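Since the structure comes first, as structure tokens, the remarks are kept for the end.
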Amino acid sequence: MQWSTDLVLGIESIDSQHKNIIERIQRLEIALDSQATSVTYERMIEIYDFLGEYVVTHFRDEEEIMAEGGYPDLAVHKAMHRSFEEELAKLRDDLGHSGMMSHAAAQLVSYLSKWFTSHIQKEDPKYLPYVK
């Protein structure tokens with residue numbers, strides 16, 4: 001997963017946060033692809049904890065912007081965010097039961113890549129007319 005211009009929404013703070021999240025996903029992908037790097041349980045917990053904290057902050061910032069703009073589907077968008085947070089927490093909890101960190105990391109990368117790409121390209125643009 002890479003940052004590209006088709007992910008730009010035109011809201012500097014949100015774009016910066018999206019870019020940071022995608023860069024973290026990309027680092028995890030690189031670690032998985034590297035023969036010299038093994039993904040440890042501790043490293044996976046660090047990644048999950050960072051993402052968990054960062055996306056909560058990002059989602060709250062995004063929701064605040066939508067609320068200020070009077071976005072009528074804010075409740076639906078918030079529900080998507082909460083669903084993502086719940087799935088991320090579930091993946092983190094399942095990590096302790098997984099004996100294969102590289103498999104768990106690959107599962108995380110796949111989920112994050114699909115979710116963020118879809119969400120940024122399909123869902124986030126819906127609120128732009130209300131916040132610009």
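Pairwise Cα separations in the chain fall into 10 Å bins from 0 onward with the following percentages, short to long: 12, 43, 31, 13, 2.
Across the chain, C-alpha contacts under 8 Å between residues 6 or more apart give a mean separation that, scaled by the residue count, equals a relative contact order of 37 percent. The heavy atoms of D6 present about 90 square angstrom of accessible area, all protein chains included, probe 1.4 Å. Taken per residue, the accessible surface of the chain reaches 55 Å², heavy atoms only and a 1.4 Å probe.
Protein heavy-atom surface of the chain, 1.4 angstrom probe: 51% of the accessible area is carbon and sulfur, with nucleic acids and ligands not counted.
The values are calculated or read from the model by the stated rules, or taken from the named source; none is laboratory data. In this text the structure is predicted, and so the values were computed from the model without any measurement. These accessible areas exclude ligands, DNA and RNA; they are computed on the full protein's heavy atoms, side chains included. Shrake-Rupley method; radii C 1.70, N 1.55, O 1.52, S 1.80 Å.
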